[in-house]
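In what follows, a structure is listed as structure tokens, so that the remarks can point back to it.
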Amino acid sequence: MIGDLIRRAEVSGRGRLLDLACGTGQLAFPLRQWFSEVWAVDSEPGMVELVRAKAAAAGAGDVRPIVSDAGVLDAEPEYFELAVVGNAFHRLDRDLVASRILGWLKPGGCAALCWSSGPWEGEEDWQRALAATLGRWRAALGAEDRVPAGWDRPRRRRPDLQLLADAGFEVAGRHEFTAEHRWSLPGLAGYIRSTSSLPASVLGDQAAAFDAGLAASLGPHSRGGAFTQTVSFAYDLARKPG
């Protein structure tokens with residue numbers, strides 16, 4: 001997906017990348033090799049500190065970690081060649097952020113809304129057990145509003161690509177991929193901490209109890225200690241006229 005995005009966005013290799021709602025930098029780090037500067041922006045200070053530590057460990061001085069809400073980020077007009085949002089556009093003020101991205105992009109620059117299916121999305125026994133476990137923990141920690149009921153209704157009524165077109169972008173389509181992935185229990189626990197629904201800041205001093213509960217719920221469904229998922233990846237691409 002990354003390679004396809006770079007090809008379709010026609011990046012120059014000298015431009016700047018904006019990763020909004022960057023989380024742990026799942027897009028910022030694999031994309032950085034094609035850019036001279038990367039802004040990794042998230043409203044969660046814990047996520048930004050993790051990106052900062054990863055950048056320091058990798059010697060990635062081109063990565064600039066920033067704590068900011070996407071709606072109030074201070075950036076110059078026509079500064080970026082590509083803007084990406086990974087698994088988070090639905091959590092933002094979509095109209096406001098689309099308008100701001102349009103202003104931040106150079107003429108001909110692209111916006112890519114990137115998505116992947118979570119490990120709890122599926123009909124395997126372990127996926128059902130995982131979804132139930134996450135639901136119980138969100139309720140116990142008072143974090144149910146982090147995934148509000150009906151969160152996807154606005155996107156169904158007005159899909160993201162339509163919204164981008166309304167904002168002034170030229171739509172370049174949706175591009176989909178799949179890959180098989182084998183999860184371990186530590187891998188699942190780490191992935192869950194990278195999400196906005198149950199990050200480490202929400203788990204707090206209950207992290208060890210969560211890990212134990214996760215192991216108890218999923219253990220009976222593992223195959224050799226692993227959990228196999230066919231992960232769906234996609235990105236919606238739109239270009240600023242120019």
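The values are calculated or read from the model by the stated rules, or taken from the named source; none is laboratory data. Bear in mind that the values here come from a model prediction, so they are computed numbers and not experimental data. Methodologically, a virtual Cβ is constructed for each residue, glycine included, from the backbone with ideal geometry; neighbour enumeration extends over all protein chains shown. For the accessible areas, the whole protein counts, side chains as well, though only heavy atoms, and no ligand, DNA or RNA atoms are used. Shrake-Rupley method; radii C 1.70, N 1.55, O 1.52, S 1.80 Å.
Within segment 198-242, the set of residues being closer than 30 Å to L113 by Cβ and polar (S, T, N, Q) comprises S201, T228, Q229, T230, S232. Could you grab me the full set of residues in segment 94-144 that are closer than 23 Å to S217 by Cβ and charged (D, E, K, R)? The answer is E121, E123, E124, D125, R128, R136, R138, E144. Being of a type in the set (A, V, I, L, M), assigned to a strand (DSSP E or B) and within 18 Å of S117 (Cα to Cα) is a property that does not hold for V171. Scanning segment 44-57 for residues being open to solvent by less than 60 Å² (accessible area, probe 1.4 Å) and either in contact (Cβ under 8 Å) with a residue 40 or more places away in the chain or more than 21 Å from L92 (Cα to Cα) (or both) gives a total of 5.
On the stretch given as segment 186-242, residues that are closer than 19 Å to R91 by Cα, among the acidic types (D, E) and either free of Cβ contacts under 8 Å to residues at least 24 places away in the same chain or touching a Phe, Trp or Tyr at 6+ places or on another chain (Cβ under 7 Å) (or both) total 0.
Residue check, A143 against (1) at pLDDT 95 or above; (2) open to solvent by less than 30 Å² (accessible area, probe 1.4 Å); (3) over 17 Å from the mean Cα position of the chain (by Cα); (4) not acidic (D, E), all met but one. Which one? For A143, the exception is condition (1). Please state which of the following conditions R94 fails to meet, knowing it meets all the rest: (1) in contact with an Asp or Glu (Cβ under 9 Å, 6 or more places away or on another chain); (2) over 22 Å from I2 (Cα atoms); (3) at pLDDT 95 or above; (4) surrounded by fewer than 19 Cβ atoms within 10 Å (Cβ to Cβ). Of everything listed in (1) in contact with an Asp or Glu (Cβ under 9 Å, 6 or more places away or on another chain); (2) over 22 Å from I2 (Cα atoms); (3) at pLDDT 95 or above; (4) surrounded by fewer than 19 Cβ atoms within 10 Å (Cβ to Cβ), R94 misses just condition (4). Residues in segment 203-218 that are surrounded by fewer than 14 Cβ atoms within 10 Å (Cβ to Cβ) and either within 24 Å of the chain's Cα centre (by Cα) or at pLDDT below 95 (or both): G204 alone. Entry remark, segment 7-43: residues being surrounded by 17 or more Cβ atoms within 10 Å (Cβ to Cβ), over 18 Å from L102 (Cα atoms) and free of Cβ contacts under 8 Å to residues at least 60 places away in the same chain number 10 in total. Just need a number here: residues in segment 103-138 that are in a helix (DSSP H, G or I) and not hydroxyl-bearing (S, T, Y). Counting residues in segment 103-138 that are in a helix (DSSP H, G or I) and not hydroxyl-bearing (S, T, Y) gives 15.
So, of the residues in segment 66-87 that are of a type in the set (A, V, I, L, M) and part of a strand (DSSP E or B), which turns out to be most open to solvent (accessible area, probe 1.4 Å)? Even if it seems obvious, please write down each step before you answer.
Applying the first criterion (of a type in the set (A, V, I, L, M)) to segment 66-87 yields 66-67, 70, 72-73, 75, 82-85.
Then keep just the ones that are part of a strand (DSSP E or B); that gives 66-67, 82-85.
Working: I66: 27, V67: 79, L82: 0, A83: 4, V84: 1, V85: 2 Å².
Step by step, filter segment 66-87, then rank; the result is V67.
Considering (1) surrounded by 14 or more Cβ atoms within 10 Å (Cβ to Cβ); (2) of a type outside the set (F, W, Y); (3) farther than 24 Å from G242 by Cβ; (4) over 19 Å from the mean Cα position of the chain (by Cα), the lone condition that L102 does not fulfil carries the number (3).
Does D152 qualify as being closer than 29 Å to C110 by Cα and either at pLDDT below 95 or exposed (fewer than 12 other Cβ atoms within 10 Å of the Cβ) (or both)? So D152 passes the test.
T178 passes every criterion in (1) closer than 30 Å to L141 by Cα; (2) of a type in the set (S, T, Y); (3) outside any helix (DSSP H, G or I) apart from (1).
Output the residues belonging to segment 34-65 that are in a helix (DSSP H, G or I) and under 18 Å from L105 (Cα atoms). Walk me through it before giving the result.
Quick first cut of segment 34-65, residues in a helix (DSSP H, G or I) only: 34, 45-58.
Selection gives W34 alone.
If you filter segment 166-202 down to residues that are modelled with pLDDT of 95 or more and in contact with a Ser or Thr (Cβ under 6 Å, 6 or more places away or on another chain), you find that the one that is least open to solvent (accessible area, probe 1.4 Å) is A167.
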